[in-house]
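Take a look at the structure set out below.
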Amino acid sequence: MGQIHYFQRYSSRENAVTNNTLQLFARIYDQSPEQLANLLTEITGENIEIGIDINQQQRSGDSIPDGSIGQRSFKILIETKVDADIDESQLVRHAHQFKGEDQKILLFLTKEIVDSNRLKDIASKIQESNPGVIFTNTTFEDICIKSKSLFKEYETQINDIIEDYWQYCNDSELFDQARYLMRVLPCGVSLKLNSKYGIYYHGYDRGYTNHRYLGIYANKSVRYIWEIESVFDVTWNGKELKKQLVSGTDTNEFDERIIGIIEESKSVCGYYTDEGHRFFCGEPIETDFRKISPGGIQGARLFNLKELIGEPVSVQDAAVKLRQLTWS
């Protein structure tokens, strides 16, 4: 069975993109209003408060009521631009919709951050006709990055939703993260075979975010990393190897290694991967990217190498730099 997605994939129109982003916000709010407030604060640069304040005998002027229940009002309007040019007059018209809210924020959601001088010019025009309205710009990538750190690892359902939004953004080309992404996979008993052959496999119907690097995790550390050169869907009947290229280089270079890991996996791991499996091939480099928080990992984890170590010069460079870092 193919992966079930939380967010629709079939349109890159701006209304679908906006709807999926609002769905993400709604799911996060259902899990934790406080964490949605934290996310909105991060992406707007303004202190957003969600929820009511309950106080007892709080003085206001010369009066001290026995109790009070209140809520600060705010409104965030979102304008999304995926491919179309910026329409400044449209943004100014949006700003007219604000009324008497305490906070008035017009959030411009784009694939790339807009030039700072252009943003200042738009903000100035909005302020002229609508004083008090804050105009700010963020990207889909920024929402993904900031959402990832909101919840604990064991909060699996909401983390799956955030991960699917990340995949949706990548699949819809709302930002290109793949060239920096390392997908870390727990391997356990198969570690020696994965590192020996430079191959990781899983069922071909399992979904995953596109990524350039693959990390093999065991015993609380990423032990090996490689740059993915070729990805194949494979069938092996004991005599003939049939491959279908999924991505990367179409080559026979990995044929013997694919056959080797299929055969050894039967005896070493008890896995039968003769058919229905996808093979991620490359040249493994040893590293030691240690997890310092308690427990292992329950599934795949994604790391943006550019965020961790800067622009990777090579996979060897990444392996060396990761040995000096830890994660949780």
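Listing for the model above:
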| quantity | calculated |
| --- | --- |
| Residue count for the range 1-18, restricted to those that are over 17 Å from the mean Cα position of the chain (by Cα), exposed (fewer than 15 other Cβ atoms within 10 Å of the Cβ) and modelled with pLDDT of 60 or more | 2 |
| Criterion (farther than 21 Å from residue 181 by Cβ and of a type in the set (S, T, N, Q)) met by exactly one of 156, 136 | 136 |
| Residues (farther than 25 Å from residue 178 by Cβ and touching a helix residue (DSSP H, G or I) at 6+ places or on another chain (Cβ under 9 Å)) located in the range 257-272 | 260, 264, 265, 268, 269, 270, 271, 272 |
| Some residue of the range 209-227 being under 30 Å from residue 29 (Cβ atoms) and basic (Lys, Arg) | no |
| Hits in the range 28-38 - residues which are among the acidic types (Asp, Glu) and either surrounded by 12 or more Cβ atoms within 10 Å (Cβ to Cβ) or assigned to a loop (DSSP other than H, G, I, E, B) (or both) | 34 |
| Condition check for residue 207: in contact with a helix residue (DSSP H, G or I) (Cβ under 8 Å, 6 or more places away or on another chain), closer than 24 Å to residue 298 by Cβ and either free of Cβ contacts under 8 Å to residues at least 12 places away in the same chain or of a type in the set (Gly, Ala, Ser) (or both) | yes |
| Any chance residue 241 is closer than 18 Å to residue 204 by Cα, assigned by TED's automatic domain parsing to the domain that holds residue 191 and out of contact with any Lys or Arg (no Cβ under 6 Å at 6 or more places or on another chain) | yes |
| Filter result for the condition that a residue is part of a loop (DSSP other than H, G, I, E, B), among the aliphatic types (A, V, I, L, M) and in contact (Cβ under 8 Å) with a residue 12 or more places away in the chain, over 174, 214, 191, 245 | 174 |
| Within the range 39-152, strands (runs of 3 or more DSSP E) holding 2 or more residues that are surrounded by 18 or more Cβ atoms within 10 Å (Cβ to Cβ) | 74-81, 103-110, 133-139 |
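For (1) outside any strand (DSSP E or B); (2) exposed (fewer than 14 other Cβ atoms within 10 Å of the Cβ); (3) not assigned by TED's automatic domain parsing to the domain that holds residue 167, each residue gets a yes or a no:
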{"site": "273", "(1), (2), (3)": "yes, no, yes"}
{"site": "279", "(1), (2), (3)": "no, no, yes"}
{"site": "288", "(1), (2), (3)": "no, no, yes"}
{"site": "295", "(1), (2), (3)": "yes, yes, yes"}
{"site": "312", "(1), (2), (3)": "yes, no, yes"}
{"site": "319", "(1), (2), (3)": "yes, no, yes"}
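The values are calculated or read from the model by the stated rules, or taken from the named source; none is laboratory data. Please read these numbers as outputs of a predicted model, since none were measured by experiment. Note that each Cβ is placed from the backbone with ideal geometry, even for glycine, and that neighbours are counted across all protein chains shown.
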